[in-house]
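Q: Quick one: the structure is below, and I'll ask about it shortly.
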Amino acid sequence: MIETSKKYRPFPVVRDVDCMISFSVMDTSAKSDGTVIDESEAGVFRNIGTVLDGVRQPQGCYISLERNLWALDGEFEPLPDNAESVNTGWWSDTLLSDTETSSPVSVRFDFADDISTLGWTLYFDSLAGIYPDRIGITAYSAGGAVLDEGVYDNDSAVFSLQHYLGGYRAVKFDFLSVPGRFSRRVRLLEVDFGITKHYDRNSIGRVSMTYGADILSRSLPSRELIFTFDNSDKQYNLLNPDGVYQHLQEGQRIEVKMSVGGEAVDMGEFRFTSADVSRSGIVPEITAHDALYALDGSEFTGGTGDEMTLSQAVAAVLGDYELACAFDGGSDLRKVLLAPPSGSSARETIRLLAQAAMCAVYIDRAGMLRFTQLSPSSAADGSITADELYDYSGVSISEPADGVSLNASGEYRLDSDGKQIQYIYTAGSQGVGSLVQTFSNPCVAPSMGSAVASWLLAGLKMRKQYAVKNRCDPAVEIGDTVKIDDIFANRENAVVTGIEISYDGTLSAVTKGVGT
């Protein structure tokens, strides 16, 4: 279950629900291509590079010798002895006053190529409440000429300016003054080259989210988000030169929260993949997926046929993809062959490796690629009672299986004459009249063949299938065990393998699971 407070109640008789979506319209290459320069001074903390590391929130409310910033009421905390062990952001040496200065604190970004953005977002120290209230922005061409400049007011720790600018090679931010009576250092946490659009029930039309996994890794679904929203301000009109539409890029970040009774539940992060705008332009539709979607677009060519551990094989497949992995129950040490069929995508290769290591695999809401066992536990994490069900439909029994035949042959398993060697592993009954289900996976290591076949058969024996429509507890996650009522007044445990959430002012879900 996603962590919630002790006061969280997902199923009151009358619910107040909301959906909040934050859509970051950024130039996705700017940070990797940009070089940041502290134009003013070295800075108290010389970690100017951290303003491009993606950390937008301070890790603590830190004491400093500035006036009224050494409070002893417990709100402030001392910096650790090694200040570089925490991300403080960048602090200037110069203190700014409430009077605009002609010698500002400045930070500049240079880019290898021209970039175009819909604006900029700067994150300051929200915990200490320190931010500049006047900010100058100057953009330059490749030759150093000024393309655009302006001075803007700011009244919060997050400064966001929607201002389209195309074809610039550098941008400088001048921090001119701070609010209040006391002088302050600038504390800059992060800079985004773009803006974040925020939507809630006042602007969202409908939302659908799909999460999924397979207990036997017969598939590897990508989480999907589709949402529509009001476009009466014409930001997504194709012909609006100052609009958002032309700046949409694959991979832009979308964060989603669902609120029940005023408590927000994190639904995870997605990445923009496509947009569809109706003829009227009033109701745009955005589609986004998790990182698995990107793995589908590239062919994996690094197959070797060598035996190695699952963690080694996954690392070889992911390569430069920035995707964290979690291996449960010692699965990282299980032996596999890095031997996917030619033409396999990176995503399909990950699926084959997970199955060869007797794991289910999916990306959780924290963005972690998780290799684990999916089976009901004896203790339930939550429940879907008759009061939460729309009806008692959605419970079925899968086809029976007496045995499994696993074909682990592949193009890397050849004899001295270059002919493919057949590797067939079986489990259960194989006799005449037996119901035998077949699998094919060339990534199964010889030492694991019989064990994998037995694991597949055990999974097929979990025949009770659930796909029940209910009022939706957004805190339920893949891998949770929930107790589900049926028409016969039974309450049995099922492991959650899929969730289809719908929001249109009301909130519902189809929860999929497997029971024994």
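The values are calculated or read from the model by the stated rules, or taken from the named source; none is laboratory data. Please read all numbers here as calculations on a predicted model, not as lab measurements. Neighbour counts run over all protein chains shown; Cβ positions are idealised from the backbone, glycine included. Heavy atoms of the whole protein, side chains included, go into the accessibility calculation; ligands, DNA and RNA do not. Shrake-Rupley method; radii C 1.70, N 1.55, O 1.52, S 1.80 Å.
Q: Assess whether Ser217 counts as being small (Gly, Ala, Ser), touching a helix residue (DSSP H, G or I) at 6+ places or on another chain (Cβ under 6 Å) and farther than 17 Å from Pro284 by Cβ.
A: yes
Q: Of the residues in region 368-409, how many are outside any loop (DSSP other than H, G, I, E, B) and either open to solvent by less than 80 Å² (accessible area, probe 1.4 Å) or within 30 Å of Asp306 (Cβ to Cβ) (or both)?
A: 15
Q: Please specify each residue of region 119-144 satisfying the condition of being in contact with a Pro (Cβ under 6 Å, 6 or more places away or on another chain) and either open to solvent by 10 Å² or more (accessible area, probe 1.4 Å) or not acidic (Asp, Glu) (or both).
A: Of everything in region 119-144, those that are in contact with a Pro (Cβ under 6 Å, 6 or more places away or on another chain) and either open to solvent by 10 Å² or more (accessible area, probe 1.4 Å) or not acidic (Asp, Glu) (or both) turn out to be Leu127, Asp133.
Q: Oh, and also: Mind counting the residues in region 410-447 that are among the basic types (Lys, Arg) and open to solvent by 80 Å² or more (accessible area, probe 1.4 Å)?
A: Of the residues in region 410-447, 1 are among the basic types (Lys, Arg) and open to solvent by 80 Å² or more (accessible area, probe 1.4 Å).
Q: Now a separate question. Among the residues of region 500-516, how many are over 18 Å from Val395 (Cβ atoms) and surrounded by fewer than 21 Cβ atoms within 10 Å (Cβ to Cβ)?
A: Result for region 500-516: 4.
Q: It is to be established whether one or more residues within region 489-507 are assigned to a loop (DSSP other than H, G, I, E, B) and of a type in the set (Gly, Ala, Ser).
A: Looking for residues that are assigned to a loop (DSSP other than H, G, I, E, B) and of a type in the set (Gly, Ala, Ser), one finds at least one in region 489-507, hence yes.
Q: While we're here: If the requirement is being among the charged types (D, E, K, R), under 26 Å from the mean Cα position of the chain (by Cα), part of a helix (DSSP H, G or I) and farther than 13 Å from Thr349 by Cα, which of these qualifies: Asp320, Asp332?
A: Testing whether each residue is among the charged types (D, E, K, R), under 26 Å from the mean Cα position of the chain (by Cα), part of a helix (DSSP H, G or I) and farther than 13 Å from Thr349 by Cα leaves just Asp332.
Q: Then there's this: Could you list, in sequence order, the residues of region 284-317 that are over 25 Å from Val256 (Cβ atoms), assigned to a helix (DSSP H, G or I) and of a type outside the set (S, T, N, Q)?
A: Correct list: Leu310, Ala313, Val314, Ala315, Ala316, Val317.
Q: Ok, one more. Which residues, counting only those in region 457-499, are among the β-branched types (Val, Ile, Thr), open to solvent by 10 Å² or more (accessible area, probe 1.4 Å) and over 24 Å from Arg15 (Cα atoms)?
A: Answer for region 457-499, where residues must be among the β-branched types (Val, Ile, Thr), open to solvent by 10 Å² or more (accessible area, probe 1.4 Å) and over 24 Å from Arg15 (Cα atoms): Ile487, Thr497.
Q: Being assigned to a loop (DSSP other than H, G, I, E, B) and in contact with a strand residue (DSSP E or B) (Cβ under 9 Å, 6 or more places away or on another chain) is the requirement here; does Tyr412 meet it?
A: Considered against the rule, which asks whether it is assigned to a loop (DSSP other than H, G, I, E, B) and in contact with a strand residue (DSSP E or B) (Cβ under 9 Å, 6 or more places away or on another chain), Tyr412 comes out as yes.
Q: Tally time: how many residues in region 293-310 are out of contact with any strand residue (DSSP E or B) (no Cβ under 6 Å at 6 or more places or on another chain), more than 30 Å from Asp230 (Cβ to Cβ) and surrounded by 18 or more Cβ atoms within 10 Å (Cβ to Cβ)?
A: Here the count works out to 3.
Q: Which condition number in (1) within 26 Å of Ala475 (Cβ to Cβ); (2) in contact with a helix residue (DSSP H, G or I) (Cβ under 6 Å, 6 or more places away or on another chain) is the one that Val191 fails?
A: (1)
Q: Give me the pairs: first residue in region 5-26 and in contact (Cβ under 8 Å) with a residue 24 or more places away in the chain and of a type in the set (D, E, K, R), second residue open to solvent by 30 Å² or more (accessible area, probe 1.4 Å) and outside any strand (DSSP E or B), beta-carbon distance under 8 Å, and six or more apart or on different chains, which are they?
A: Arg9/Gly261; Arg15/Gly261; Arg15/Arg471; Asp16/Gly261; Asp16/Gly262; Asp18/Asp200; Asp18/Arg201
Q: Please work out which one of (1) farther than 30 Å from Cys359 by Cα; (2) in contact (Cβ under 8 Å) with a residue 60 or more places away in the chain; (3) under 25 Å from the mean Cα position of the chain (by Cα); (4) open to solvent by less than 40 Å² (accessible area, probe 1.4 Å) is the condition Tyr236 fails and give its number.
A: For Tyr236, the failing item is (2).
Q: Spot the failing condition for Glu190; the list is (1) part of a loop (DSSP other than H, G, I, E, B); (2) farther than 30 Å from Ile499 by Cβ; (3) acidic (Asp, Glu), and only one is missed.
A: (1)
Q: Would you check if there is a residue in region 462-470 being in a loop (DSSP other than H, G, I, E, B) and either in contact with a strand residue (DSSP E or B) (Cβ under 6 Å, 6 or more places away or on another chain) or more than 28 Å from Leu435 (Cβ to Cβ) (or both)?
A: Checking region 462-470: at least one residue is in a loop (DSSP other than H, G, I, E, B) and either in contact with a strand residue (DSSP E or B) (Cβ under 6 Å, 6 or more places away or on another chain) or more than 28 Å from Leu435 (Cβ to Cβ) (or both).
Q: Turning to a different aspect of this structure: Collect the residues in region 27-36 that are open to solvent by 30 Å² or more (accessible area, probe 1.4 Å) and touching a residue at least 40 places away in the same chain (Cβ under 8 Å), keeping them in residue-number order.
A: Result: Thr28, Ser29, Lys31, Asp33, Thr35.
Q: Would you call Gly262 under 30 Å from Ser203 (Cβ atoms), at pLDDT below 95 and of a type in the set (Gly, Ala, Ser)?
A: yes
Q: In region 155-187, what residues are of a type in the set (S, T, N, Q) and assigned to a loop (DSSP other than H, G, I, E, B)?
A: Within region 155-187, Ser156, Ser183 meet the criteria.
Q: Here's another thing I want to ask about it. I need the full set of residues from region 171-216 which are within 30 Å of Phe371 (Cα to Cα) and small (Gly, Ala, Ser), in order please.
A: Ser208, Gly212, Ala213
Q: Taking the condition touching a helix residue (DSSP H, G or I) at 6+ places or on another chain (Cβ under 6 Å), modelled with pLDDT of 95 or more, more than 30 Å from Tyr390 (Cα to Cα) and not β-branched (Val, Ile, Thr), does Asn407 pass?
A: no
Q: Looking at region 94-110 only, could you name the residues that are of a type outside the set (S, T, N, Q) and surrounded by 20 or more Cβ atoms within 10 Å (Cβ to Cβ)?
A: Leu96, Pro104, Val105, Val107, Phe109
Q: Next question, about the same structure. Looking at the structure I just gave you, is Asn231 more than 21 Å from the chain's Cα centre (by Cα), crowded, with 19+ Cβ neighbours inside 10 Å, part of a loop (DSSP other than H, G, I, E, B) and modelled with pLDDT under 90?
A: Here the answer is yes, as Asn231 does meet what is asked.
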